[in-house]
1. Any idea which residue in segment 119-146 is surrounded by the fewest Cβ atoms within 10 Å (Cβ to Cβ), counting only those that are without any contact (Cβ under 8 Å) to a residue 60 or more places away in the chain and within 20 Å of A54 (Cα to Cα)?
2. If a residue has to be open to solvent by 20 Å² or more (accessible area, probe 1.4 Å) and in a helix (DSSP H, G or I) to count, how many in segment 56-71 make the cut?
3. Which one of V124, V63, V128, V152 is of a type in the set (A, V, I, L, M), closer than 15 Å to V15 by Cα and at pLDDT below 85?
4. Mind checking which residues of segment 40-55 are of a type in the set (A, V, I, L, M, F, W, C), part of a helix (DSSP H, G or I) and either more than 15 Å from E111 (Cα to Cα) or open to solvent by 40 Å² or more (accessible area, probe 1.4 Å) (or both)?
5. I want to confirm something. Restricting to segment 1-18 and keeping residues that are small (G, A, S) and crowded, with 23+ Cβ neighbours inside 10 Å, which single residue is farthest from A52 (Cα to Cα)?
6. When residues of segment 91-110 are filtered for being assigned to a helix (DSSP H, G or I) and in contact (Cβ under 8 Å) with a residue 24 or more places away in the chain, how many remain?
7. Any residue at all in segment 22-39 that is small (G, A, S), assigned to a helix (DSSP H, G or I), surrounded by 16 or more Cβ atoms within 10 Å (Cβ to Cβ) and within 14 Å of the chain's Cα centre (by Cα)?
8. Please specify each residue of segment 36-83 satisfying the condition of being free of Cβ contacts under 8 Å to residues at least 12 places away in the same chain and either in contact with a strand residue (DSSP E or B) (Cβ under 8 Å, 6 or more places away or on another chain) or within 21 Å of A100 (Cα to Cα) (or both).
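The values are calculated or read from the model by the stated rules, or taken from the named source; none is laboratory data. All values derive from a computational prediction rather than experimental measurement. All Cβ positions, glycine included, derive from the backbone under ideal geometry; neighbour counts span all protein chains shown. With ligands, DNA and RNA removed, areas are computed over all heavy atoms of the protein, side chains included. Shrake-Rupley method; radii C 1.70, N 1.55, O 1.52, S 1.80 Å.
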Amino acid sequence: MPYVDMASRLLLLTVFALALAGKISGRKAWGAFVQSIHAMSVVAPSRAAAAAVATAVAEASIVVLAAVPVRWAGTAAFALAAGLLACLTLAVVRVIRRGAAVPCRCFGPSETPLGAQHVTRNLVLIAVALAGLAASFAGGPLDPPLAAVVAVFGAALGLLMSRWDDLVSLLRTT
């Protein structure tokens, strides 16, 4: 189980670090993210900026907690990630049900409208967070070479998850 903890940590750390970087990489990126929250109409228009800040703070917290190599930090990162992803998933579902064509700004600039693929991605990430949460309670010794392989595997999966829209698009065209 400690390898599940490690792989899950690195996957979520990678996903949320890339998501955060895409949102705060510049004034234009941040403005587009705030505008996308406004366009989603899941919070009052006057609270869109606050919701964007809360999202960025939660993502940064997940990254920091996942990077700290102690059990309680991983447990907190997994719980926070599962909660944030659940909220984001509910918001995406509301947008889809309304039929609004709001672009996904999950990882920065994108014109891909929110859709079922985003719900699927978030559900996979929730499952990863919950598996990591369960594994964080198990503990146990790690074999350093295997731990390194698991860490790289988790980070690589995180990179793939951050390119989910591209992967879905690629699979649809073949």
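1. I126
2. 8
3. Criteria check complete, one pass: V152.
4. A48, A49, A50, A51, A52, V53, A54
5. A7
6. Kept after step one, since they are assigned to a helix (DSSP H, G or I), are these residues of segment 91-110: 91-98.
This time we only want the ones that are in contact (Cβ under 8 Å) with a residue 24 or more places away in the chain, so: 91-95, 98.
The qualifying residues number 6.
7. yes
8. Matches in segment 36-83: H38, V43, A44, P45, S46, R47.
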